[in-house]
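Enquirer: Here you go, one structure.
The values are calculated or read from the model by the stated rules, or taken from the named source; none is laboratory data. Computed from a predicted structure; not experimentally measured. Every residue, glycine as well, gets a Cβ built from its backbone with ideal geometry; the counts of neighbours run over all protein chains shown. Calculation scope for accessible area: heavy atoms of the full protein, side chains included, ligands and nucleic acids excluded. Shrake-Rupley method; radii C 1.70, N 1.55, O 1.52, S 1.80 Å.
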Amino acid sequence: MKKALIVLSISTVAAIFTFLLIPSDESPDIQALTDAMLEKKDARLTRLESVKDKAVQKSLANLVYDAMFTDGMELDFQVPPRNTAYTRAKLTRLDDYSSIDELTEVFLANQIAGTTYRDRSCIWPRQPFTYPFQHQLTWSAIRLDNGETTALPSHVSGISRNAEIEYSGARNAFCYRKSLDPDDPAPVSLVGEFSARLPQKLVQFDFNPSNIDQPQSKDGYTVTLVEANDFSYAVEVSSADGAPLTLDSKDMIGEALDKTGRYLSRTGTRAGRPELYEVSDLIVDDLIDQALDGTLTEAQIDQRFDDMQSELNDKHGGRFHKHFFFSGSVKIARITLPVRDAKQAPFKRKLDLPIRNLARRQPARSVDLDQLERIPTFHPVYNYSIKEKVDLTAEEMKKEIGIRQNEVSADRKYSAKVKLYYPRVQSDRFVDAFDRYDNPAPGQIVFFNADGAPIDVPTDNPDYYQFMVSRIEYNPDRFPEKPVRLSATVPVVTTPNLTKKGYKKNSLPDGVRIVDNMIVIDHADFKPESTNDRFEKTYLFFAKSADQRYLSKVTDLHYPRTEGPGVDVTYYNGLPEVFEIWYRGDKKVVEYQVNLDLEEPAPLE
């Protein structure tokens, strides 16, 4: 059985299972809809038990589960997100380059293949950034030093293998299934191909949620917002002149901005008109009827869906319909489409990447700095993660620390919780998320009843409540009175004295060298103002380009000495011109006050 009612993104599948398990207070009907969905699935499976043709029975059972996931998507479209999360615009990196062609060239030129195995029996490809347009990057073979090649298995995700090689999607690595002997031909490069239908330009459409059924036409496209709610929207795309579209649904870049102008993280997508799923669901029951009558074959199942798809194509041909789901309240729905010539040939590039030796080095008496491993990636790729604030002041904390209640949690020892979310700041590089908040002192967490009076519960008894990492977990059912408000003073660890010192290439500190795209630090000579230890970072270093922009890191290597400190080598996507050191400085604890009306926790199941 090859047909499927719907293809779901991983994030969407996860969201569906979340909603199956946790009811939402903001959507009172969702539990009833979930129960009905599961009852329909169980009723269909019960009917299938009487089907005598086991092959048909198995194929139809798969369709039943497909239909359940489709129904789950409908619930996903109705249930508001519990949390707001942000991301960067998908096309941000286009601002770094003069054109789509240049961005593509940088993406390809900075590909590397590396191994951390001395015998090179495991090889992983690494991309300099996420390529923003639909493309294929496939690896077909490993080239050996005798000129022969070892074929690689087909790979998308998960695990796949052939006689010699296994691919692990989780590790994104190709590994020989048998250890290589010293006399075996050695792997020297990874062979592949990049293919994409590159846009000649991009066209953007912005809608607000009130623009339902108000089409916009630009550059040969007509886009209509056909559905919208607070956290999701659906659009339909057609050709402005009726000509065949030169895109498919995967080319559609759907984004959303909230009222602050920030981009919301996308939680899932669904391609295809609602009618497709409605008709598909009806077909499942009809096919089960035929199977019970003994008049259905596996070939007829496929044919039925082929016929349905053809009918819908005839009815809605030339139009694409797609839903986008987001983790926050949508103020602007943004669709970006590629403009291409219908006769435009795909762009293709063969890749043959030398396998870089990134295995741990053995200690040596001396390190020859002129014989270091080279990983040339001279084209600049910039580091966007350093654009945040250094840290928050006490006043900023009042507005920017997020507080969320009763989020989904696998640990249900406590039926309710209040969690604090510190925004991303530069000091995160020195203060681990587990160390951002200190434990409040006894008496600094107080629960109040409906009359506004403090509830008398022991402060040292975790049966009632406890502070864990960044959250206050509590059991309201164990309190002598129902808690309706919380007051807490939480100590927050900050680094307000973080300082930065930059050194140009011609005036570097002792022990520091810049060689091509490498920063080399010989710790025998480099003496920072403060020193790191195994438990605490007090300084970090970064590389900047000639235009004072932070470069993204490729990887780093350590060359140990048998006596004394070793040498660290960090490789960058681009040519460093400035070596910058960040010193953490002294930490400071700020008292953050929580005053919160408590929400009802979700009932335990």
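Enquirer: Counting other C-beta atoms within 10 Å, and keeping those with at most 12, which DSSP coil trypsin sites (Lys or Arg not before Pro) do you find in region 175-245?
Expert: R177, K178
Enquirer: Tell me which residues come under 5 Å, amide H to amide H, from N383 once H is placed; ignore anything under 5 positions away on its chain.
Expert: For N383, the qualifying residues are Y550, L551, S552.
Enquirer: List residues of region 67-90, by number, whose backbone nitrogen lies under 17 Å from a label position 7 Å along Cα→C-beta of H135.
Expert: Residues passing the 17 Å test: 90.
Enquirer: Still on this structure, please answer the following. Which listed residue (N506, M73, T494) has the Cα farthest towards the positive end of the charge dipole for the chain, taking +1 on Lys and Arg C-beta and -1 on Asp and Glu C-beta about the Cα centre?
Expert: My answer, from the dipole projection, is N506.
Enquirer: For the pair E298 and R161, what calculated FRET efficiency results from E = 1/(1 + (r/R0)^6), where r is the Cβ-Cβ distance and R0 = 25 Å, to the nearest 0.05?
Expert: Computed FRET efficiency for R161 and E298: 0.35.
Enquirer: Rounded to the nearest 20 Debye, what is the dipole magnitude of the chain about its Cα centre when Lys and Arg each give +1 and Asp and Glu each give -1 at the C-beta?
Expert: Dipole magnitude for the chain comes out near 1880 debye.
Enquirer: Add -39500 (n - 2.57) for each DSSP H run of 4 or more in the chain, then divide by its residues: what number comes out at 222 nm, to the nearest 500 deg cm²/dmol?
Expert: -6000 deg cm²/dmol
Enquirer: For E563 paired with K250, estimate the spin-label separation in nm (one decimal), with each label point 7 Å from Cα along the Cα-to-Cβ line.
Expert: 5.9
Enquirer: Given a Förster distance of 45 Å, report the FRET efficiency between D35 and D428 from their Cβ-Cβ distance, rounded to the nearest 0.05.
Expert: Taking R0 as 45 Å, the efficiency between D35 and D428 is 0.60.
Enquirer: Express in whole angstrom the spacing between the alpha-carbon centres of region 256-307 and region 362-382.
Expert: Centre-to-centre (Cα) distance: 53 Å.
Enquirer: Looking at region 44-115, which trypsin sites (Lys or Arg not before Pro) are DSSP coil and have at most 15 other C-beta atoms within 10 Å of their C-beta?
Expert: Taking region 44-115 and a limit of 15 other Cβ atoms within 10 Å, the loop trypsin sites (Lys or Arg not before Pro) found are K52, R88.
Enquirer: Would you count, across region 173-328, every pair of lysines whose alpha carbons are under 20 angstrom apart, provided the pair is eight or more residues apart or spans two chains?
Expert: Value for region 173-328: 5.
Enquirer: Over what distance in Å are the Cα centres of region 117-171 and region 508-580 separated?
Expert: That distance is 30 Å.
Enquirer: Under the rule of at least 5 residues apart or a separate chain, name every residue whose amide H is placed under 5 Å from the amide H of Y221.
Expert: When sequence neighbours closer than 5 places are left aside, the close amide H contacts are A240.
Enquirer: Oh, and also: How much area per residue is accessible in region 188-313 when the probe is 1.4 Å and only protein heavy atoms are counted (Å²)?
Expert: 46
Enquirer: What trypsin sites (Lys or Arg not before Pro) in region 266-346 are in a loop by DSSP, with at most 10 other Cβ atoms within 10 Å of the Cβ?
Expert: Listed in order of number, the matching sites are K343.
Enquirer: Using a 1.4 Å probe on the protein heavy atoms, what percent of the accessible area of the chain belongs to carbon and sulfur?
Expert: Percent of accessible area from carbon and sulfur atoms in the chain: 48.
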